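J.: Here you go, one structure.
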Amino acid sequence: MKVIIAEKPNLGRTIASALGVYDKYGGYLSNGEIAVTYAFGHLLELKDMDAYFGHKVPWGENLPFYPDPFEFDLKKNVKKQFDIICNLINSSETDEIICAGDADREGEVIVRLILSAGLKSYKKITRLWLPDQTPQTIIKQMKERKLDSEYDNLYYEGLARTYIDWILGINLTRSISSIASQTMSIGRVICPIVIAIYEREKAIEKFVAQKYYSLVSNVDGVELVSKLKFDINERSDALSVCNDYNTS
């Protein structure tokens, strides 16, 4: 039996439908030859810093902290589905496991972490690479699937990003929060977003209304507005462009 692990339930249902797998069971679909199960996105997450010490660590202490090795735990409320996946991939009837995470590094990481945590013995592992989710693509890619080891670099890239996100988030958040005496979340994604919001707010505060010329045409009730704008002292330039538009 071949076991396909999709990244999310809706992807699992789409794959199953394309392959003619319709019989529903708890947490998967099967036709006897193929079983399609699924994750809920990430089932595993990196442990919090406290878990490595076995107790609560004051936020300003033991920094910078770098786990060696990094360790993962199951997220809350996903153990039932994780156990279903484990039972399928470890079944004596299963001779091939097909990774069907999204066609990107995160999709590769999601399924591989499940296999790393749950697979107990060697099984052939292949990759179902889906640039889109049409039935034609799913059927074609099932026939052309490659060994998942050919996507090792994609997995390592995704894992490296996961580690870096954790290192930045944990160390900077704990450090700055302990200095500020309040929780201040810092991370690779949140920092540029906050900066963008801050700069936009400052631009709004400093905004000074100014008059300008805009080019507008109205033909048979259809109004068109040019994206070009001219300062109040550029009236001649605006008229010149208008003439060009009208004669072209």
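J.: With both partners inside the chain, how many of the DSSP beta bridges are antiparallel, as a percent to the nearest 5?
T.: Roughly 55 percent of the DSSP beta bridges within the chain come out antiparallel.
J.: In whole percent, what relative contact order does the stretch 119-177 give with Cα contacts below 8 Å and a gap of six or more residues?
T.: It comes to 29 percent, rounded to a whole number.
J.: Let me ask another. Leaving out same-chain residues fewer than 8 places away, which aspartates and glutamates sit with a Cα under 16 Å from that of LYS79?
T.: Filter leaves GLU7, GLU45.
J.: Hey, any idea what the orientation-averaged projected area of the convex hull of the stretch 191-245's Cα atoms comes to, in nm²?
T.: Its Cα hull, projected and averaged over all orientations, spans 6.0 nm².
J.: What area, in nm² and to one decimal, does the C-alpha convex hull of the stretch 25-100 cast on average over all directions?
T.: Taking the Cα atoms of the stretch 25-100, their convex hull projects to 7.2 nm² on average.
J.: List the GluC sites (Glu not before Pro) within the stretch 103-187 that DSSP assigns to loop and that have no more than 15 neighbouring Cβ atoms inside 10 Å.
T.: Here the GluC sites (Glu not before Pro) that fit, given the DSSP loop and packing criteria, are GLU144.
J.: Hey, another quick one. On a 19 Å Cα-Cα criterion, which of the cross-link pairs LYS2/LYS140; LYS8/LYS80; LYS202/LYS227; LYS8/LYS76 come out too long?
T.: Those over the limit are LYS202/LYS227.
J.: Treating the chain as a set of equal point scatterers at the Cα positions, no solvent, please give the Debye-formula log₁₀ I(q)/I(0) at q = 0.10, 0.11, 0.16 Å⁻¹.
T.: -0.70, -0.76, -1.11
J.: How much accessible surface does HIS55 have with a 1.4 Å probe, in Å² rounded to 10?
T.: 110 Å²
J.: Calculate the tail of P(r) for the stretch 1-131: the fraction of all Cα-Cα distances greater than 21 Å, expressed in %.
T.: Counting every Cα pair in the stretch 1-131, those more than 21 Å apart make up 44 percent.
J.: Using the alpha-carbon atoms, what tilt in degrees (0 to 90, nearest 10) does helix 105-118 show relative to the longest principal axis of the chain?
T.: Orientation of helix 105-118: about 20 degrees from the principal axis.
J.: Can you give the accessible area of TRP129 in Å² (nearest 10), computed on protein heavy atoms with a 1.4 Å probe?
T.: In the full protein context, TRP129 sits at about 70 Å².
J.: Measure off 7 Å from each Cα along the Cα-to-Cβ vector at ILE193 and PHE53, then give the distance between these two points in nanometres to one decimal.
T.: 2.8 nm
J.: Relative to the first principal axis of the alpha-carbon coordinates of the chain, what is the inclination of helix 79-89, with its axis defined by its Cα atoms, in degrees from 0 to 90 and to the nearest 10?
T.: 60 degrees
J.: How large are Rg and Dmax for the stretch 92-223 when only the alpha carbon atoms are used, in Å?
T.: Here Rg and the maximum Cα pair distance are 25.1, 77 Å.
J.: Same structure, new question: Could you tell me how many degrees, from 0 to 90 and to the nearest 10, lie between the Cα long axis of helix 9-18 and the main elongation axis, the longest principal axis, of the Cα atoms of the chain?
T.: Value to nearest ten degrees: 80.
J.: Right, next: What do you reckon, how do ARG200, ARG145 stack up by accessible area (1.4 Å probe), largest on top?
T.: ARG200, ARG145
The values are calculated or read from the model by the stated rules, or taken from the named source; none is laboratory data. All figures in this text were calculated on a predicted structure; none of them were measured in a lab. FYI the Cβ positions are ideal-geometry reconstructions off the backbone, even for glycines, and counts take in every protein chain you see. Accessible surface areas use protein heavy atoms only, side chains included; no ligands, DNA or RNA. Shrake-Rupley method; radii C 1.70, N 1.55, O 1.52, S 1.80 Å.
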